[in-house]
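Take a look at the structure set out below.
The values are calculated or read from the model by the stated rules, or taken from the named source; none is laboratory data. Since the model is a prediction, treat every value here as computed from it, not as a measurement. All Cβ positions, glycine included, derive from the backbone under ideal geometry; neighbour counts span all protein chains shown. The accessibility values were calculated without ligands, DNA or RNA, using every heavy atom of the protein model including side chains. Shrake-Rupley method; radii C 1.70, N 1.55, O 1.52, S 1.80 Å.
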Amino acid sequence: MTRYIGSGEMAALLRREGPEPILRRLIDELRADFLRWTEFDLAPRLASHSAGGVIELMPIADAQLYSFKFVNGHPGNTRLGKQTVVAFGMLADVATGYPLLICEMSLLTALRTAATSALAASRLARPESRSMALIGTGAQAEFQALAFKLALGISEIRLFDVDPAAMAKARANLEGHGLRLVCAHSIGEAVAGADIVTTATAGKTRATILTPGLVEPGQHLNAIGGDCPGKTELHSGIVACARTIVEYEPQSRIEGEIQQMPADYPVTELWRVLRGDAPGRVGRDEITLFDSVGFALEDFSALRCLRDIAGSGPGLDLIPEPKDPKDLFGSVFSPGVGFEQAA
């Protein structure tokens with residue numbers, strides 16, 4: 001049987017374990033996998049675009065395990081009472097091709113994105129950083145705030161969203177987590193003096209959430225909302241002045257903030273910074289940018305980590321098990337020689 005972790009079990013696991021311990025384990029797993037980057041079979045994700053959004057398939061494998069994630073991005077979904085992003089994923093055995101785990105990944109994607117952001121910021125933000133502006137307070141917001149508190153010691157979160165109800169939601173959810181919460185009246189008010197600025201907006205446009213006049217020397221920018229062609233959050237003038245770190249350059253050139261830039265605009269992949277092959281921050285006043293679009297390695301790490309945390313549990317009758325593996329037809333149509341539907 002293929003292990004199955006649905007949304008109910010995932011929610012129960014989060015309540016039981018708490019988000020911070022899971023984020024801590026995810027950060028450790030992500031760091032370990034980025035450090036062995038060259039062991040993976042890497043490819044940009046496959047995307048199918050429509051007028052309303054995008055549906056993507058994100059595959060990756062090492063010598064033992066293969067994973068993929070199905071994920072969408074439909075900003076208009078909230079008007080229909082549906083989420084902007086939903087996802088599920090699979091972990092499979094490379095040696096046999098058999099699926100080992102099928103898992104909900106709407107919650108897990110939020111966790112792994114926050115963990116990846118915090119991991120990158122631990123090498124790019126100034127060590128004494130304690131405040132973060134969070135622009136866009138949708139599904140990602142609370143996970144980002146908790147991950148940065150855990151990994152960097154962030155103690156103040158300045159919230160801003162064009163939707164006051166979303167901002168109030170984020171504040172209410174973050175109460176009691178040891179953070180000083182400030183609801184700003186504008187992006188400029190949220191960003192002014194912040195050590196870190198996270199942009200996590202959903203609109204599928206070439207937006208300029210941040211303009212050059214808003215960004216201050218020494219800030220670390222964590223841009224996670226731009227994740228497909230034609231969708232950005234930062235003015236190109238900001239990107240031009242920043243030291244830019246990406247996950248996987250061939251994918252980020254198409255989908256990230258750097259899609260606005262010339263093909264020779266210099267970037268560094270995160271794994272090289274984590275291994276010490278390339279610098280992260282090199283000066284107090286330098287503006288650093290993590291241009292994050294999400295990459296399949298992060299899902300691989302998250303699926304493997306979740307499988308270990310969750311342990312044994314419900315399975316899916318997904319793969320037929322005929323008595324004779326060469327007689328799939330007979331296993332269905334010959335009484336007494338095949339397999340029965342699982343109870």
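Using the Karplus relation 6.51 cos²θ - 1.76 cosθ + 1.60 with θ = phi - 60°, the per-residue 3J(HN,Hα) values for segment 304-318 come to 5, 5, 5, 4, 5, 5, 6, x, 6, x, x, x, 10, 7, 9 Hz, with x marking Gly and Pro. Sort the chain into rounded, prolate or oblate with this rule: let a ≥ b ≥ c be the square roots of the eigenvalues of the Cα gyration tensor; rounded if a/c is under 1.5, and if a/c is not under 1.5, prolate when a/b is larger than b/c, oblate otherwise. Taking the square roots of the gyration eigenvalues as a ≥ b ≥ c, the chain is prolate.
Give the angle, between 0 and 90 degrees and rounded to the nearest 10, that separates the Cα long axis of helix 7-17 from the longest principal axis of the Cα atoms of the chain. Roughly 60 degrees, rounded to the nearest 10. Only helices enter the 222 nm calculation for the chain: every DSSP H run of n ≥ 4 contributes -39,500 (n - 2.57), and dividing by all residues gives -10000 deg cm²/dmol, rounded to 500. For the listed peptides 314-323, 179-188, 68-77, 86-95, a ranking on the average number of other beta carbons within 10 Å per residue, highest first, reads 68-77, 86-95, 179-188, 314-323. Karplus-derived 3J(HN,Hα) values for segment 281-292, using 6.51 cos²θ - 1.76 cosθ + 1.60 with θ = phi - 60°, are 6, 10, x, 4, 8, 5, 8, 10, 9, 9, 8, 9 Hz; glycine and proline are entered as x. Each Lys or Arg adds one and each Asp or Glu takes one away; over the other residues whose Cβ falls under 9 Å from the Cβ of R304, this sums to -2. Computed over neighbours whose Cβ is under 11 Å from that of A278, the net charge equals +2, Lys and Arg +1, Asp and Glu -1. Farthest towards the positive end of the charge dipole of segment 218-343, among the residues I245, I287, P320, is the Cα of I287, using unit charges on the Cβ of Lys, Arg, Asp and Glu.
Close amide-amide hydrogen proximity is noted between C183 and L159, each under 5 Å apart and 5 or more residues distant or on a separate chain (H modeled in the peptide plane; Pro and chain starts excluded).
Scalar couplings 3J(HN,Hα) for segment 44-57, obtained by applying the Karplus form with A = 6.51, B = -1.76, C = 1.60 to θ = phi - 60°, are x, 6, 9, 10, 10, 9, 9, 4, x, x, 9, 10, 10, 10 Hz; x denotes Gly and Pro.
Each label point was placed 7 Å from the Cα along the Cα-to-Cβ direction; for E175 and E249 their separation is 4.8 nm. Got the relative contact order for the chain handy, in percent, Cα pairs under 8 Å and 6 or more residues apart? Once divided by the residue count of the chain, the mean separation gives 19 percent. When both segment 96-142 and segment 1-54 are represented by their alpha-carbon centers, they are found 9 Å apart.
The local environment of A87, defined by Cβ-Cβ distances under 11 Å, has a net charge of -1 under the rule Lys, Arg +1 and Asp, Glu -1. Is segment 1-146 best put as rounded, prolate or oblate by its Cα gyration tensor, with a ≥ b ≥ c the root eigenvalues, rounded for a/c under 1.5, and otherwise prolate when a/b is larger than b/c, oblate when not? Taking the square roots of the gyration eigenvalues as a ≥ b ≥ c, segment 1-146 is rounded. Averaging the Cα positions of each part gives two centres, and for segment 243-307 and segment 155-231 these lie 20 Å apart.
Here segment 1-100 is assigned +1 on the Cβ of each Lys and Arg and -1 on the Cβ of each Asp and Glu. Its dipole about the Cα centre then comes out at about 460 debye. Amide H contacts for L100 (H built 1.01 Å from N in the peptide plane; partners 5 or more residues away or on another chain; cut-off under 5 Å): L91, A92, D93. Beta bridges from DSSP with both residues in the chain: antiparallel share about 45 percent, rounded to the nearest 5.
Ranking F34, A12, I55 by how far each Cα lies toward the positive end of the dipole of segment 1-81 (charges on Cβ) leaves A12 at the top. Each label point was placed 7 Å from the Cα along the Cα-to-Cβ direction; for M1 and L46 their separation is 3.0 nm. Of M1, M105, M167, the order by accessible heavy-atom surface (1.4 Å probe, DNA, RNA and ligands excluded), from most exposed downward, is M1, M167, M105. Put a dot 7 Å past the Cα of K326, heading toward its Cβ, do the same for T38, and the two dots end up 4.4 nm apart. Helix 106-124 and the longest principal axis of the Cα set of the chain meet at an angle near 40°. Taking amide H as placed 1.01 Å from N in the peptide plane, R275 has no amide H partner under 5 Å among residues 5 or more places away or on another chain.
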